[in-house]
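Before any comments, here is the structure.
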Amino acid sequence: MILNGTTSGFGRILNLINEAAGEDLTSTIDVTAMEEQFRNGGSLIDWLLDNAEITERDFGSNLAAKLKISWEEDPIVDEGNADLLKSLCPPPIAIKHRVLPLSVEYSEEVTLPTLIQLAHYDPLSTLDRQLVRRAVTCPIQWVLSPRRKVLTGLQKLYGVGGDIFDDLLANRDWDQDEFSFKEEVNIIDEDDEEASVVKFVNQILHEALNQRATDIHIEPLRNDLRVRYRVDGVLRRVPVPDNIVALQSSVIARLKLMAGLDIAEKRKPQDGRIALQVGGEPIDTRVATIPAIEGESISLRLLGQEQFNIERLQMLPHIRKEVDEILERPNGIVLVTGPTGCGKSTSLFCFLSVLNSEDRKIVTIEDPVENRLEGAVQIAVKPEIDLTFASGLRSVLRGDPNVIMVGEIRDLETAEIAVQSALTGHLVFSTLHTNDSIGGITRLIDMGVEPFLIAASVRAFIAQRLVRRLCRECCLPGDYSEEFLRSVGFPLQEASKILMVNPEGCDTCGHSGYKGRTAVYELFRVTEKVQELITSRATKQDLQRQGMLDGFVPMRDYGWNKVIEGHTTIEEVVSSTEIS
């Protein structure tokens, strides 16, 4: 088939597309926009998959049959010959023209390859295929595969930035320790054709955002540079080109430059921020470097411009009702407890969003300020100038606030000022690092706070953890023995509602079986009876017993409700909570 920019050429292709789709698409798509894509040399398959309501599996297999080529729904790369495949089909060719080398064949008489199998998803782009034929030195067998499978396979085989890595090494001045960077505009543009470390770093950042990563870790090893993304709380290693360690210092230097850090200082930790733009959307990135024996390690926390709303917490009704009652109180302390990275700050900002109004003054003291709350006065702790949580909180009280949020209560001085703030009519929010809600009482007493002050000032302790959400596209009915369910404390009468993760996963969840996270909570209210127990220094068991009488629901039981609703799995709840 010869494709050109004529209307008749487009008409023939449109007829072919309609035949493959099994219907006339002209009534459901913008044919004018599609023809404009064709005239501009763009991919019609990309346009169709993005704009038309078609099933790629059915459409692709029908199109393959029309063009008399094979359809491979799950293309498999011969990893044993990965190096040979990458040499026969170099990264710039494969990634630019979106062709995935699958396997190679040899003749019995000679050791040279006689055939390479290439998977692609756009057979209508003959220009791409012609350019690939010129670049690949042996005969090609074409197969058609789903777009996501091809693109995922390309990243796994060549790594992030694989299409520019060869150029980076070829253009490197080996007499220099670092590249010189002149461009300082931190805009991630995936269409930027500049083959440079700038683009390589941009691709690392862009792919992290595509995978919904919250953190990026770039860590030097003895003979490698490891790049990992944290997705849904779990670290995943990212495929990167071979010999990436050759550009280690340049990649680290580029990120430090973007964060406004001292490139020459490699002996001590540094902290900075990067203001990124992705498709016009601002992404705030916190950067931290750590000097290690193999070189500088760098971590990036990706912070989007989030909208805080208590509805996003998706609390169960009994917890939501108690939280609403606490937020209506004019004073007191609300403490959110849990380990680092369990979503405490997000919960606090969602609480503050409820209270954020013109008739209230909200002041926060944080280390550092990660999220912005419109209308609130936010202060960043700076110990080097003696601006600590305690000193900041003391000065804030002179500013006549209604609501105060302290990022974390770390010492007795901060705790005592927070208590006094609550007793003098302020509503105070803060966090503690404890394993459960009741443990917050013990933690404050260990700091040196008098029990009667805790009883008088604290309204509630809220503990939380994050668990991964089940992928709704590929989850399976649960299959657990009664013995196992009894051992973890799951209510047997609800066993029929259990869902479990699909070990194979799907494209939607990146074959992990999970997509996104949700929180599980427990809320321990300081009632009058509990106040008496705290003042008398009662044991944790006595406090929990009274809490149960007051309606306290342990975190694991809260998690079982999330399992019954189909949001998460038993394994996630068990790994994040303890039996009370």
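The values are calculated or read from the model by the stated rules, or taken from the named source; none is laboratory data. Values in this document were obtained by computation on a predicted structure and should not be read as measured data. Here Cβ is always computed from backbone atoms with ideal geometry, including for glycine, and neighbour counts include all displayed protein chains. Note: areas computed on protein heavy atoms with side chains; ligands, DNA, RNA excluded. Shrake-Rupley method; radii C 1.70, N 1.55, O 1.52, S 1.80 Å.
A few notes on this one:
- Restricting GLU504, GLU482, GLU494 to residues that are touching a helix residue (DSSP H, G or I) at 6+ places or on another chain (Cβ under 7 Å) and loosely packed, with under 13 Cβ neighbours inside 10 Å narrows the list to GLU482.
- Inside region 506-540, residues that are within 38 Å of the chain's Cα centre (by Cα), over 30 Å from LYS149 (Cα atoms) and outside any loop (DSSP other than H, G, I, E, B) make up a count of 8.
- Residue ID - farthest from GLU370 (Cα to Cα), chosen from residues in region 260-275 that are surrounded by 12 or more Cβ atoms within 10 Å (Cβ to Cβ) and basic (Lys, Arg): LYS266
- Annotation note: Cβ proximity below 9 Å between a residue of region 151-163 that is closer than 18 Å to ASP122 by Cβ and modelled with pLDDT of 70 or more and a residue that is hydroxyl-bearing (Ser, Thr, Tyr) and crowded, with 22+ Cβ neighbours inside 10 Å (sequence gap 6+ or interchain) occurs for LEU151/TYR121; GLY153/SER145.
- Hits in region 439-473 (condition: of a type outside the set (Gly, Ala, Ser), surrounded by fewer than 20 Cβ atoms within 10 Å (Cβ to Cβ) and part of a loop (DSSP other than H, G, I, E, B)): GLU450, ARG472, GLU473
- Entirely in region 326-428, the helices (runs of 4 or more DSSP H) that have 1 or more residues that are modelled with pLDDT of 90 or more: 344-355, 412-423
- In a residue-by-residue description of region 64-72, the property of being open to solvent by less than 70 Å² (accessible area, probe 1.4 Å) and touching an Asp or Glu at 6+ places or on another chain (Cβ under 7 Å) applies to no position.
- Within region 255-270, the residues that satisfy the criterion of being within 13 Å of ILE290 (Cβ to Cβ) and in a loop (DSSP other than H, G, I, E, B) are LEU261, GLU265, LYS266, ARG267, LYS268, PRO269.
- Residue match in region 120-129 (condition: open to solvent by 50 Å² or more (accessible area, probe 1.4 Å) and either part of a loop (DSSP other than H, G, I, E, B) or touching a strand residue (DSSP E or B) at 6+ places or on another chain (Cβ under 9 Å) (or both)): no
- Applying the condition of being in contact with a Leu (Cβ under 8 Å, 6 or more places away or on another chain) and over 21 Å from THR434 (Cβ atoms) to region 394-405 and asking which residue is surrounded by the fewest Cβ atoms within 10 Å (Cβ to Cβ) yields ASN402.
- Scanning region 203-257 for residues that are over 17 Å from ASP284 (Cβ atoms) and among the polar types (S, T, N, Q) gives GLN203, ASN210, GLN211, ASN223, ASN243, GLN248, SER249, SER250.
- Checked against the criterion of being in contact (Cβ under 8 Å) with a residue 12 or more places away in the chain and either over 21 Å from GLU322 (Cβ atoms) or crowded, with 16+ Cβ neighbours inside 10 Å (or both), the candidates GLU408, GLU384 yield just one match: GLU408.
- Every residue from region 178-205 that is under 24 Å from ALA288 (Cβ atoms), modelled with pLDDT under 85 and either touching a strand residue (DSSP E or B) at 6+ places or on another chain (Cβ under 9 Å) or not aromatic (Phe, Trp, Tyr) (or both): GLU178, GLU183, GLU184, VAL185, ASN186, ILE187, ILE188, VAL197, VAL198, LYS199, ASN202, GLN203
- Count of residues meeting criterion [out of contact with any Pro (no Cβ under 7 Å at 6 or more places or on another chain) and open to solvent by less than 50 Å² (accessible area, probe 1.4 Å)] in region 38-62: 13
- Top-ranked residue of region 212-241 - restricted to ones that are in a loop (DSSP other than H, G, I, E, B) and without any contact (Cβ under 8 Å) to a residue 60 or more places away in the chain, ranked as least open to solvent (accessible area, probe 1.4 Å): ASP224
- All positions within region 345-367 that are within 25 Å of ASP232 (Cβ to Cβ) and open to solvent by less than 20 Å² (accessible area, probe 1.4 Å): SER347, LEU348, PHE349, CYS350, PHE351, GLU366
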